[in-house]
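The values are calculated or read from the model by the stated rules, or taken from the named source; none is laboratory data. Treat the numbers as computed from the prediction; the structure is a model and nothing was measured. Because the Cβ atoms are built from the backbone with ideal geometry, glycine has one as well, and the counts that use them run over all protein chains shown. Just the protein is used for accessible areas: all its heavy atoms, side chains included, with ligands, DNA and RNA removed. Shrake-Rupley method; radii C 1.70, N 1.55, O 1.52, S 1.80 Å.
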Amino acid sequence: MADSVISNTGIFDAIFTRRSLRRYQPVPVPREHIEQVLTAGIWAPSAHNRQPWRFAVITLEEQKRALAQAMGERLRHDLQADHVPQAIIDADAERSYDRLTSAPVLIVLCLSMADMDTYTDERRNEREFIMAVQSTAMCGQNMLLAAHALGLGACWMCAPLFCPDVVRDALVLPDDWQPQGIITMGYPAQERERTREPLETRVLWR
């Protein structure tokens, strides 16, 4: 069934052929394409239609290096506190630095609660925050699909969740911007073929 859908519908083709790509050609991405990706993001559904997403777009090499260095220092600190062997710490930090600095474009996807509802109890405020997180994640998925449709490779990195203060400080973001992820993006220098577990292993029909 999936094969027939792919052949007939463009959106399914994008969904089924997109892969997370981490290696890119050293070629700049036109600003027009970056803006197309961002525009696709803001057309995602959002809770109350409040559109809590915020974007920091990084293309300057020195800014990438500064962000990667700051995040790497926090990563090293956290892993050392976990008593991880130094060789593994060095490898993890180097891999993270390379991924951030070798991508032509970094898009730091943040959320803001500025326009979301507030309540008198913590339970509903927590749910409101989760709604903003879900909205921002859907925005990110739109962006990944748009990048793929434009012939770009992209990958979602969750690392900012472990060091939001570091990311905010390194990029001098507004106080209400809460970093959720980084999308690395560029013209791909790799191909990947991955599949999924069978649908029946993930579904309950009632």
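Report every pair of residues separated by at least 6 positions or lying on different chains whose Cβ atoms are under 8 Å apart, first residue within the stretch 35-48 and of a type outside the set (S, T, N, Q), second open to solvent by 30 Å² or more (accessible area, probe 1.4 Å) and assigned to a loop (DSSP other than H, G, I, E, B).
37/150; 42/51; 48/117
Tell me, yes or no, whether the stretch 128-138 has at least one residue that is modelled with pLDDT of 95 or more and surrounded by fewer than 13 Cβ atoms within 10 Å (Cβ to Cβ).
Yes, there is a match, as at least one residue in the stretch 128-138 is modelled with pLDDT of 95 or more and surrounded by fewer than 13 Cβ atoms within 10 Å (Cβ to Cβ).
Conditions tested, residue by residue: (1) free of Cβ contacts under 8 Å to residues at least 60 places away in the same chain; (2) among the polar types (S, T, N, Q); (3) touching a Ser or Thr at 6+ places or on another chain (Cβ under 7 Å).
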{"position": "139", "(1), (2), (3)": "no, no, no"}
{"position": "142", "(1), (2), (3)": "no, yes, no"}
{"position": "145", "(1), (2), (3)": "no, no, no"}
{"position": "161", "(1), (2), (3)": "yes, no, no"}
{"position": "164", "(1), (2), (3)": "yes, no, no"}
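Please go through the stretch 139-160 and give me each residue that is surrounded by 13 or more Cβ atoms within 10 Å (Cβ to Cβ) and either closer than 19 Å to residue 96 by Cβ or small (Gly, Ala, Ser) (or both), ordered by number.
Across the stretch 139-160, the qualifying residues are 140, 146, 147, 149, 153, 154, 155, 156, 157, 159, 160.
Pick from 114, 132, 103: which is aliphatic (A, V, I, L, M) and farther than 23 Å from residue 49 by Cβ?
103
Using beta carbons and a limit of 8 Å, which pairs, at least six apart or on different chains, have the first residue in the stretch 86-111 and touching a residue at least 12 places away in the same chain (Cβ under 8 Å) and open to solvent by 50 Å² or more (accessible area, probe 1.4 Å) and the second one part of a strand (DSSP E or B) and not basic (Lys, Arg)?
Here the result reads 99/155; 99/157; 99/184; 102/24, each pair linking the stretch 86-111 to a residue that is part of a strand (DSSP E or B) and not basic (Lys, Arg).
Which of (1) of a type outside the set (Ser, Thr, Tyr); (2) surrounded by fewer than 17 Cβ atoms within 10 Å (Cβ to Cβ); (3) assigned to a helix (DSSP H, G or I) is the odd one out, the single condition residue 27 does not satisfy?
With (1) of a type outside the set (Ser, Thr, Tyr); (2) surrounded by fewer than 17 Cβ atoms within 10 Å (Cβ to Cβ); (3) assigned to a helix (DSSP H, G or I) applied to residue 27, the lone miss is (3).
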